[in-house]
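The block underneath contains the structure these notes are about, expressed in structure tokens.
The values are calculated or read from the model by the stated rules, or taken from the named source; none is laboratory data. Since the structure is predicted, the reported quantities are computational estimates derived from the model, not experimental observations. Cβ placement follows ideal geometry from the backbone for every residue including glycine, while neighbour counts extend to all protein chains displayed. For the accessible areas, the whole protein counts, side chains as well, though only heavy atoms, and no ligand, DNA or RNA atoms are used. Shrake-Rupley method; radii C 1.70, N 1.55, O 1.52, S 1.80 Å.
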Amino acid sequence: MSRPVLRAVIADDQALVRTGFGMILAADGIEVTAEAADGAQAVAAVRRTRPDVVLMDIRMPGMDGIEATGRILADKEAAGTRVIILTTYDLDHYVYAALTAGASGFLLKDVTPEHLVAAVRLVQSGDALLAPSITRRLIERFAHREEARPAAAHRDLSGLTPRELEVLRLLGTGLSNAELAERLFLSPTTVKTHIGRILSKLELRDRVQAVVLAYETGLVTPGGPAGEVAPG
């Protein structure tokens, strides 16, 4: 049985980047439905072609990738679209804002072709792109700065069970599913079920958004090498 064809939009102000990424995706059977040179074009392209994944540069003229990401993911008609942020430097100071806007992860522009293809397929399947340790490092670095957007700071967590709240706290420290299972004496399958319920109850797209939320609600605070779990 053949895999369904994935559809992608590439948004970057450099034509060479768009062309190169497009060739890589096409070689793996991923259809590039449109290219965009700025954020406004990206939003229009998504509305027009309804892709599965958008590769979104942050720094573009006019509307940047952060605003474009927020607009795309706020569109109910684009509910199934995922955004991967493209950045030139590791831990670009705009990336945190992009993640809080709803992006499912980020890639450096010098990514290998194999990693690029794997990333597109990963986020389209509903997973998050960032490794837990990278997520934690990113959030700890920027969560306390002005770039942070604490829109979720007052989100109601009362709908979570005590176990789900515990899982969310530990998830915010950057633990993988296997590490969570070991820490809580649960099976990996049970951990995955808890995380799925947390995402559903809090209307979050993926575990990256859960980590952001854990910091913005104060469940976890920046500071230690693995994050400090707030009492509660």
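The figures follow:
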read-out: Some residue of the stretch 99-110 being among the aliphatic types (A, V, I, L, M) and free of Cβ contacts under 8 Å to residues at least 40 places away in the same chain; value: yes
read-out: Residue list for the stretch 154-191, filter: of a type in the set (Gly, Ala, Ser) and on the phi < 0 side of the Ramachandran plot; value: SER158, GLY159, GLY172, SER176, ALA178, ALA181, SER187
read-out: Helices (runs of 4 or more DSSP H) fully within the stretch 157-232 counting 2 or more residues that are small (Gly, Ala, Ser) and at pLDDT 80 or above; value: 177-184, 188-202, 207-216
read-out: Output for the stretch 1-47, where each listed residue is part of a loop (DSSP other than H, G, I, E, B) and under 22 Å from GLY62 (Cβ atoms); value: ASP12, ASP13, GLN14, ALA37, ASP38
read-out: Leading residue by the ranking (most open to solvent (accessible area, probe 1.4 Å)) among those in the stretch 93-106 that are over 22 Å from ARG121 (Cβ atoms) and of a type outside the set (Ser, Thr, Tyr); value: HIS93
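Per-residue answers, yes or no, for (1) modelled with pLDDT of 95 or more; (2) surrounded by fewer than 24 Cβ atoms within 10 Å (Cβ to Cβ):
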{"residue": "LEU6", "(1), (2)": "no, yes"}
{"residue": "ALA11", "(1), (2)": "yes, no"}
{"residue": "VAL32", "(1), (2)": "yes, yes"}
{"residue": "LEU55", "(1), (2)": "yes, no"}
{"residue": "ASP64", "(1), (2)": "no, yes"}
{"residue": "GLU67", "(1), (2)": "no, yes"}
{"residue": "ALA79", "(1), (2)": "no, yes"}
{"residue": "ARG82", "(1), (2)": "no, no"}
{"residue": "LEU91", "(1), (2)": "no, yes"}
